[in-house]
Amino acid sequence: MSRQFLGSHTSFTRQESRFLIIPAPFDVTASYGTGARFGPARIIEASQQLELFDEELLCEPWKAAIHTQEPLDLPVVVEKAQEVISSAVRMCLEEEKLPILLGGDHSVSIGAIRAAHNHYGQIDILQLDAHADLRDEYQGTCYSHACVMRRIWGLGNVIQAGIRSLSSREWEFLKDQGRTPVFAKDILAETDNALEKICRCLSGRPLYITVDVDCMDPSVMPATGTPEPGGLQWQHILRLLGSVIHQADVIGLDVVELAPVPGLHYPEYTVARLIYKIIGYIAYARGLLDAQGPAHVSSA
Ligand SMILES: [Mn+2]
């Protein structure tokens, strides 16, 4: 089994690549179901079953040049792990590549977003998640996956979408900041209002996207530590990301909280497919592919 996303025959050298996949097998902060440290390896394994041709873009997005580096060797102390992640992402950005961090639990995003902020200054941050993750502290640590967005709040303009679980304190915090998330129910209503709100929130600064796979409905994504009913379907996510990526300059991405269930293959396949779709959208937006635009963009 190759350690390259999509397999060895379609991967580029690190030097040639534009997209760098960084496996971050870390799940020390998970509070309910654990096992997210096995996520990166299972995603890479499942990716080797993907069809290389994208039926929406009508091209093979791997040609935009992807390389997968060795998994990060992460210490169990969260702060130390974040330093390792941060320096790996910084190195990737300095090489002018787009980092795609594979979690791991959501705390891995803190180090990655800090590196993106150090490199670009204030950025836009789009968070797809069932949870607000705005607690100041959870189970005795301020670096829990439940605190991720609170830790990076000042580093950019945070746009939250798919939310359907938050505490009254998190709600108060958001109100104090003058922000309201785009709730899952707003996206499920299938009007264009939710998408328009998300796009209105984009400031035009470089965009970092963090995808917690629990943004998806548990029927689509059962393999995650803290599943929440009432989530997004596959087509909602493609529509949302296809539109946003078309109008923003995406500079980094992470996909977190896949906790594989032994014997159940479709969740990791779904995550691998999602990552490949996103690579295709970004590559298309950057003019790297001779392709047709995403369905909803070209039909607009
Ligand atoms: Mn979550």
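Residue pairs whose Cβ atoms lie under 6 Å apart, separated by 6 or more positions or on different chains, with the first residue in the stretch 51-67 and over 8 Å from residue 289 (Cβ atoms) and free of Cβ contacts under 8 Å to residues at least 40 places away in the same chain and the second among the acidic types (Asp, Glu) and not in a strand (DSSP E or B), are 53/60.
Scanning the stretch 113-147 for residues that are under 19 Å from residue 183 (Cβ atoms), hydrophobic (A, V, I, L, M, F, W, C) and in contact (Cβ under 8 Å) with a residue 60 or more places away in the chain yields 125, 126, 128, 130, 146. Of all residues in the stretch 252-274, those being touching a strand residue (DSSP E or B) at 6+ places or on another chain (Cβ under 6 Å) and either surrounded by fewer than 19 Cβ atoms within 10 Å (Cβ to Cβ) or within 24 Å of residue 95 (Cβ to Cβ) (or both) number 5.
Filter the stretch 103-143 for residues that are small (Gly, Ala, Ser), part of a loop (DSSP other than H, G, I, E, B) and closer than 24 Å to residue 217 by Cβ; which is nearest to the ligand (Cβ to nearest atom)? Filtering first and then ranking leaves 130. Taking every residue in the stretch 206-219 that is within 10 Å of residue 258 (Cα to Cα) and pairing it with any residue that is acidic (Asp, Glu) and surrounded by fewer than 24 Cβ atoms within 10 Å (Cβ to Cβ), at least 6 positions away or on another chain, the pairs with Cβ-Cβ distances below 9 Å are 214/228.
Restricting to the stretch 167-197, give me the number of residues that are within 13 Å of residue 129 (Cβ to Cβ) and out of contact with any His (no Cβ under 7 Å at 6 or more places or on another chain).
Initial filter on the stretch 167-197 (within 13 Å of residue 129 (Cβ to Cβ)): 170, 181-184, 187.
Keeping just the survivors that are out of contact with any His (no Cβ under 7 Å at 6 or more places or on another chain) gives 170, 181-184.
Summing the residues that are within 13 Å of residue 129 (Cβ to Cβ) and out of contact with any His (no Cβ under 7 Å at 6 or more places or on another chain) in the stretch 167-197 gives 5.
Of the residues that make up the stretch 178-197, is at least one in contact (Cβ under 8 Å) with a residue 12 or more places away in the chain, in contact with a Cys (Cβ under 6 Å, 6 or more places away or on another chain) and within 14 Å of the ligand (Cβ to nearest atom)? The answer is no, given that none of the residues of the stretch 178-197 is in contact (Cβ under 8 Å) with a residue 12 or more places away in the chain, in contact with a Cys (Cβ under 6 Å, 6 or more places away or on another chain) and within 14 Å of the ligand (Cβ to nearest atom).
A short reminder: the numbers here are calculations on the coordinates, not readings from a lab. Note that the coordinates shown come from a computational prediction; the quantities given were computed from them, not determined experimentally. Glycine gets a Cβ as well: all are built from the backbone with ideal geometry, and neighbour counts include every protein chain shown.
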